[in-house]
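The values are calculated or read from the model by the stated rules, or taken from the named source; none is laboratory data. Keep in mind it's a predicted model, so treat the numbers as computed, not measured. Positions of Cβ are generated from backbone atoms using ideal geometry, with glycine treated the same way; all protein chains shown enter the neighbour counts.
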Amino acid sequence: MRIRRKRRIVRCLRKSRELTQVQNNTARIRPGDVLLVSTFRNEQIRLPWFLRYYRDLGVDHFLFVDNDSTDGTLRYLEGMEDVSVWHTKASYKRATYGVDWMNYLKRSYAHGHWTLVVDPDEFFIYPFCDTRPIQALTDWLDNSSIRSFSAMLIDVYPKGRIDEQPYRAGQDPLEIANWFDSGNYSIKKNPTYGNLWIQGGPRSRIFFADRPKKAPALNKVPLVKWNKRYCYVSSTHALLPRGLNQVYEEWGGEKASGALLHTKFLDTFTAKAEEELSRREHYSGSAEYIAYAEKLREQPELWCKWSEKYINWRQLEILGLMSKGNWA
């Protein structure tokens, strides 16, 4: 595992040559700042709410990789003092689906900082997030000698067709997509990295009903007190050293955990799925997007009679999808 980790670090240093600095405000990063790292393509419509949400949560600085967007993303981010941006035209797939680029940015700028890694359609929820900023969580994690914090990905979706309500820039996507599956999840332990592997939810129920084991993974470890010796190996599903994946109790009890509300299923998704299908830059020959495109042509509704309407983090804790553990 040490050799594998060193190879990942060497790989990210090599892949850093693909990045061109567009806007570097990292000199503004102060000790103790919470950072957010993300890579994206053509997500300008989502960025106004995304930035507002995470600024309100307490994120101090954003490190973005723009994978050759054509929708005006770079112009939109220009001049934002808490945003640093790198651009690349290189293959997302050959950069381990963006992991290599983000590992490089974290190694270069995030050492010693609590760092959140999310996509523009993911919104981080943690215990007491409605009353406490993210620094309250990271302070408690520091005092508890915890280096990593997990969050289950929860797909949210509208009631009715996903293209029925148009999404507009700056809008809270939860105004449209606010239903989720409260059950229908499977969990097992990955023997290689020691992380949990969670599958299920509407993507398994609708898009992978005939092959649920191929459904996307929902387990993530998005918040880490970063060290330049660390690296992600598979999106934010698994890290090295392996101890960072130990975000659960094996012998009873619960560790604190959060959730990522995944707002993929808006009216913008059909066009996004078709684009990614043609680019073939995603995992396993874009098998996930092939499944999306096939079903979306039938205009499916993800809502069903067992769907639950999202209220707040306490609801997710009651349902067993996240936990406050011993954080009071």
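Being surrounded by 15 or more Cβ atoms within 10 Å (Cβ to Cβ) and small (Gly, Ala, Ser) narrows it down to one residue among 215, 209; which is it?
The unique qualifying residue is 215.
If we scan segment 41-53, do we find a residue that is under 20 Å from residue 226 (Cβ atoms) and surrounded by 14 or more Cβ atoms within 10 Å (Cβ to Cβ)?
Checked segment 41-53: no residue is under 20 Å from residue 226 (Cβ atoms) and surrounded by 14 or more Cβ atoms within 10 Å (Cβ to Cβ).
Scan segment 177-207 for residues that are within 21 Å of residue 121 (Cα to Cα) and outside any strand (DSSP E or B) and jot them down.
Listed by number, the residues that qualify are 177, 178, 182, 201, 202, 203, 204, 205, 206, 207.
Given the criterion at pLDDT below 90 and touching a strand residue (DSSP E or B) at 6+ places or on another chain (Cβ under 6 Å), identify the matching residue among 249, 254.
254
Mind checking whether some residue in segment 319-326 is over 25 Å from residue 99 (Cα atoms), under 18 Å from the mean Cα position of the chain (by Cα), among the hydrophobic types (A, V, I, L, M, F, W, C) and surrounded by 16 or more Cβ atoms within 10 Å (Cβ to Cβ)?
Yes, segment 319-326 contains a residue that is over 25 Å from residue 99 (Cα atoms), under 18 Å from the mean Cα position of the chain (by Cα), among the hydrophobic types (A, V, I, L, M, F, W, C) and surrounded by 16 or more Cβ atoms within 10 Å (Cβ to Cβ).
Scan segment 84-108 for residues that are surrounded by 16 or more Cβ atoms within 10 Å (Cβ to Cβ) and within 19 Å of the chain's Cα centre (by Cα) and report the count.
Looking only at that region, the number is 17.
Looking at segment 178-198 only, could you name the residues that are more than 21 Å from residue 149 (Cβ to Cβ) and touching a helix residue (DSSP H, G or I) at 6+ places or on another chain (Cβ under 7 Å)?
Within segment 178-198, 181, 184 qualify.
For segment 216-325, list the strands (runs of 3 or more DSSP E) that sit wholly inside it and hold at least 2 residues that are within 20 Å of residue 177 (Cα to Cα); which are they? It would help to see each step written out before you state the result.
On the way: elements: 219-225, 231-234, 238-240, 258-262, 307-309.
By residue number, 258-262, 307-309.
Just to be sure before I move on: is residue 90 more than 24 Å from residue 277 (Cβ to Cβ) and modelled with pLDDT of 95 or more in the structure I sent?
Details: more than 24 Å from residue 277 (Cβ to Cβ): no; modelled with pLDDT of 95 or more: yes.
Taking the combined requirement at face value, the residue does not satisfy it.
Quick one: residue 73 ticks every box in (1) within 20 Å of residue 5 (Cβ to Cβ); (2) at pLDDT 95 or above bar one, so which box is it?
Tallying (1) within 20 Å of residue 5 (Cβ to Cβ); (2) at pLDDT 95 or above, residue 73 fails exactly one: (1).
Scan segment 249-271 and report the pairs whose first residue is over 24 Å from residue 312 (Cα atoms) and whose second residue is of a type in the set (A, V, I, L, M), with Cβ atoms within less than 9 Å and a gap of 6+ or a chain change.
Hits for this filter: 268/45; 269/162; 269/296; 270/162; 270/293; 270/296.
Give segment 262-280 a look and list any residue that's of a type in the set (A, V, I, L, M) and modelled with pLDDT under 90, or say none. So that I can check it myself, show each step before the final result.
The first filter runs over segment 262-280 and keeps only residues of a type in the set (A, V, I, L, M), leaving 266, 271, 273, 277.
Residues satisfying the conditions are 271, 273, 277.
Which of the residues spanning segment 151-175 are in contact with a Leu (Cβ under 6 Å, 6 or more places away or on another chain), part of a loop (DSSP other than H, G, I, E, B) and among the hydrophobic types (A, V, I, L, M, F, W, C)?
Passing the criteria: only 156.
Against the definition (buried (at least 22 other Cβ atoms within 10 Å of the Cβ), closer than 16 Å to residue 20 by Cα and free of Cβ contacts under 8 Å to residues at least 60 places away in the same chain), how does residue 66 come out, yes or no?
yes
Among what's in segment 307-318 and is of a type outside the set (A, V, I, L, M, F, W, C) and exposed (fewer than 13 other Cβ atoms within 10 Å of the Cβ), pick the residue that is nearest to the chain's Cα centre (by Cα).
It comes out as 312.
Restricting to segment 146-171, what's the tally of residues that are more than 16 Å from residue 258 (Cβ to Cβ) and either of a type in the set (Lys, Arg) or exposed (fewer than 14 other Cβ atoms within 10 Å of the Cβ) (or both)?
8
Filter segment 235-246 down to the residues that are buried (at least 16 other Cβ atoms within 10 Å of the Cβ) and of a type in the set (Gly, Ala, Ser), then identify the one that is modelled with the highest pLDDT.
Looking at residues that are buried (at least 16 other Cβ atoms within 10 Å of the Cβ) and of a type in the set (Gly, Ala, Ser), I get 238.
Could you please let me know if residue 115 is at pLDDT 95 or above, farther than 21 Å from residue 232 by Cβ, surrounded by 22 or more Cβ atoms within 10 Å (Cβ to Cβ) and in contact with a Phe, Trp or Tyr (Cβ under 9 Å, 6 or more places away or on another chain)?
No: the conditions fail for residue 115.
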